[in-house]
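Visitor: Take this structure first; my questions come after.
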Amino acid sequence: MNIHTKAVHAGDRKEAGPHIPVTTPIHAASSYFYKDAEELDRVFGGDQPGFSYARYGNPSNAALEELTTALEGGHGSLACSSGMAALQMAILTALTDRRKAVLAADALYGATFNLLMTVLAPLGVDVRFVNMCDLDAVARAIEEQKPGCLVMETISNPILRVAEVDKIAILARAAGAALIVDNTFATPLLLRPIELGASIVVHSLTKYLAGHGDVLGGVVISDEPHFATLTALSRVTGPALGPFDCFLAMRGIKTFPLRMERQCENASRVAAALTVNPNVGRVYFPRDHAHPDAAAIARLFPAGLYGAIVTFELKGAGREGVFRFMNALKMVVPATSLGDVHTMTLYPAMSSHREISPKQRARMGIGDNLVRLSVGIEAVEDILADLEQALACPAS
Ligand SMILES: Cc1ncc(COP(=O)(O)O)c(C=O)c1O
């Protein structure tokens, strides 16, 4: 079934009873009643399908999880209270019965880097980093470290590198390691990592999938071998997303492929305009023929879809020049997120990568003049007009 169709139908109308809601409602109950203790015992024990306690499952969560499983072509999902909670659950799941060692991409969202370095490494997990776009380096690092899992993003945040996820999956599997892929930036419209051999996919639902800037959530989608562990861990660690947010996320997802197509189209136009703007330095966008991963992008992404993030350097600017640009915007929203219907700009050095040292940021290619733009669904002429007038303000 096409992703547009799955987004609209998957997960709904699963309830029994005389009145079946067309779209799944909010089930706010935290516990469930059965007519006798024997039936409750069977549900608790997993011998009879059903819900007992909301930390273990709830019809609103189950509907959203069925929908995300369908979108990513996985075996099962766990809706979590944030994208970071989802990443944490994915790594715990992968390492439960493997060597406590993570080989991570050297280009990652700042909080993911911090989860690895300030939470997992102090707990004794061996954390190492590699350039995932260099397959020989990945193979050597796997051989040396023997990681329990690999962690990468399909389109890296914020400089938009694209590694060959299918080839990395082969290397990971040969070494008995799980490949965890954060697919937040690419979304299942561009790429479905489990279908390409990854074990686990993670999303910040907060971004493109929910898409309206009104939900904080995450989801872990796993293949069959990891799903029982994921579910068992969730029962004791309790990361579940609340039913109200599940409802909002599901409502948002129904239009996600439509929004994402439009956002990708707008982003291509914005990247092209920024490239010729005299006040803009380097522009990072996966459509660029000179992109270092152009071959991987042409092979892995559908024609015409390159994601909806455009990152660029403000020529001659430092922190103050970037602030001036952001303050001069009239419609584009300076914000700390991405993927919403409205166009947003973010300053990685202040926001997504703030907790990372300036030296480490520089190693990641994140300079003080780097600006990240999440392109929305507005009329592209309005986005371009606002960017152009703000860029015309002197940078220094
Ligand atoms: C690529 C990526 N992964 C994960 C996250 C974390 O998501 P959340 O803020 O929902 O915890 C973010 C947040 O910006 C992100 O950009």
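Visitor: Quick check on this structure: which one of Pro188, Pro158 is open to solvent by less than 20 Å² (accessible area, probe 1.4 Å), at pLDDT below 95 and of a type outside the set (Asp, Glu)?
Guide: Exactly one residue qualifies, and that residue is Pro158.
Visitor: OK, next. Does Val165 satisfy the criteria of being among the hydrophobic types (A, V, I, L, M, F, W, C), within 27 Å of Pro25 (Cβ to Cβ) and under 21 Å from the mean Cα position of the chain (by Cα)? Talk me through it step by step, then tell me what you get.
Guide: Working: among the hydrophobic types (A, V, I, L, M, F, W, C): yes; within 27 Å of Pro25 (Cβ to Cβ): no; under 21 Å from the mean Cα position of the chain (by Cα): yes.
Against the criterion (among the hydrophobic types (A, V, I, L, M, F, W, C), within 27 Å of Pro25 (Cβ to Cβ) and under 21 Å from the mean Cα position of the chain (by Cα)), Val165 does not qualify.
Visitor: Sticking with this one: Identify, please: which residue in segment 367-392 is in a helix (DSSP H, G or I) and small (Gly, Ala, Ser) and is, among those, farthest from Gly281 (Cα to Cα)?
Guide: Among those residues, the one meeting the criterion is Ala385.
Visitor: Let me ask something else. Would you mind telling me which numbered condition in (1) in contact with a Pro (Cβ under 7 Å, 6 or more places away or on another chain); (2) of a type in the set (A, V, I, L, M, F, W, C); (3) assigned to a loop (DSSP other than H, G, I, E, B) Ala7 fails?
Guide: Single failed check for Ala7: (3).
Visitor: Does Ala101 satisfy being open to solvent by 20 Å² or more (accessible area, probe 1.4 Å) and away from the ligand (no atom under 16 Å from the Cβ)?
Guide: no
Visitor: Residue by residue through segment 216-247, note down the ones that are surrounded by fewer than 22 Cβ atoms within 10 Å (Cβ to Cβ) and either without any contact (Cβ under 8 Å) to a residue 24 or more places away in the chain or aliphatic (A, V, I, L, M) (or both).
Guide: If the condition is that a residue be surrounded by fewer than 22 Cβ atoms within 10 Å (Cβ to Cβ) and either without any contact (Cβ under 8 Å) to a residue 24 or more places away in the chain or aliphatic (A, V, I, L, M) (or both), then Leu216, Ala228, Ala232, Leu233, Val236, Ala240 are the ones that fit.
Visitor: Now for a different question. Exactly one of these conditions fails for Asp97: (1) among the acidic types (Asp, Glu); (2) out of contact with any helix residue (DSSP H, G or I) (no Cβ under 9 Å at 6 or more places or on another chain); (3) more than 26 Å from Gly252 (Cα to Cα). Give me its number.
Guide: That leaves (2) as the condition not met.
Visitor: Count, please, the residues in segment 210-243 that happen to be in contact with a strand residue (DSSP E or B) (Cβ under 8 Å, 6 or more places away or on another chain) and within 13 Å of the ligand (Cβ to nearest atom).
Guide: 6
Visitor: Taking segment 109-131 on its own, how many of its residues are within 16 Å of the ligand (Cβ to nearest atom) and either among the small types (Gly, Ala, Ser) or touching a residue at least 60 places away in the same chain (Cβ under 8 Å) (or both)?
Guide: Adding up the residues that qualify gives 6.
Visitor: Could you tell me how many of the residues in segment 80-96 are within 16 Å of the ligand (Cβ to nearest atom), of a type in the set (S, T, N, Q) and farther than 16 Å from Tyr56 by Cβ?
Guide: The qualifying residues number 2.
Visitor: Which one of these is assigned by TED's automatic domain parsing to the domain that holds Ala172 and crowded, with 17+ Cβ neighbours inside 10 Å: Thr23, Thr93?
Guide: Result: Thr93 is the single residue among Thr23, Thr93 that is assigned by TED's automatic domain parsing to the domain that holds Ala172 and crowded, with 17+ Cβ neighbours inside 10 Å.
Visitor: Residues that are over 30 Å from Pro25 (Cα atoms) and more than 17 Å from the chain's Cα centre (by Cα), at least 1 per element: which helices (runs of 4 or more DSSP H) completely within segment 48-140 meet that? Steps first, answer last, please.
Guide: Numbers: elements: 59-72, 83-95, 110-114.
Correct list: 83-95.
The values are calculated or read from the model by the stated rules, or taken from the named source; none is laboratory data. These figures come from a predicted structure and were not determined experimentally. Every residue, glycine among them, receives a Cβ derived from its backbone with ideal geometry; neighbour counts consider all protein chains shown. Each accessible area value is taken on the protein alone, full model and side chains, heavy atoms only, with ligands, DNA and RNA left out. Shrake-Rupley method; radii C 1.70, N 1.55, O 1.52, S 1.80 Å.
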